[in-house]
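Every number in this text was worked out from the coordinates using simple rules, so none of it is lab data. This structure is a prediction, so every number in the text was calculated from the model and none was measured. Note that each Cβ is placed from the backbone with ideal geometry, even for glycine, and that neighbours are counted across all protein chains shown.
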Amino acid sequence: MPTSLFELFERGGPVMWPILLCSIFALAIALERLLVLARVEEDSSRLLTEVCRALEQRQLNHAETLAGKGEGPLAGMVRAGIRRYGRPRQEILEMLEEAAALEMPALERHVPMLGTIAHLAPLLGLLGTVTGLVRCFQVIQEKTSTVNPVNPSDLAGGIWEALLTTVFGLLVAIPAYALYNYLAVRISHITHHLELSACRLADLLSGEKGRG
């Protein structure tokens, strides 16, 4: 009876190695994206407040400096919008939305890979199940061809492989899928915030805010 995680890993057979790699990649992607999105949300909130204050005071150079020092999608939007300062609101708004769309791939980087891992891990588990069953049938064939009885212990290795790969594949896939959906929601929230920011910036950059 296996007494440690390492022994369980060995019993799972060679398919356990790609499952392990999937778990490592999933964890790395999730941690990296969580840190990036948290930083983007914090920086965007701070930058929007500072830029709007500067634009309300007609300090265009200061707003441009703030945007130049900033990182993330909002900074790119502000830089694009300032180049259209004084133009009609709709023209500025379209420019801001286009700039935001160009910045979005940076937020979504590696997230599709996390979704791929969530689908791939259970398939690898299924592959391990099949190879484990193949081992069982190989033992049965070898035993019956020599007219020897088949003992449950003879099949244990293949059964361990079949069950463990399924279990570990699901243990990787379930949190990976949950994290994939969580990150998608976070990115959607940031996108919505950028849309609201674009409307506010368009008002300030066009000078239409407060016109009666």
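Here are some notes:
- Proxy reagent accessibility, fewest Cβ within 10 Å first, across 165, 129: 129, 165
- Taking each DSSP H run with n ≥ 4 as -39500 (n - 2.57) and averaging over every residue of the chain yields -30000 deg cm²/dmol at 222 nm.
- Principal axis analysis of the Cα atoms in the chain yields extents of 97, 29, 23 Å, listed in decreasing size.
- Per DSSP, loop GluC sites (Glu not before Pro) in region 41-133 with at most 10 further Cβ within 10 Å: none
- Global geometry of region 1-118, whether rounded, prolate or oblate, following the gyration tensor of its Cα atoms and the 1.5 cut on a/c: prolate
- Cβ-based net charge around residue 80, under 14 Å, with every Lys or Arg adding one and every Asp or Glu removing one: -2
- In a reduced charge model with +1 at each Lys and Arg Cβ and -1 at each Asp and Glu Cβ, region 5-206 shows a dipole moment near 280 debye about its Cα centre.
- Loop trypsin sites (Lys or Arg not before Pro), region 18-80 (other Cβ atoms within 10 Å of the site Cβ: 12 or fewer; DSSP): 58
- Burial ordering of 168, 6, fewest other beta-carbon atoms within 10 Å first: 6, 168
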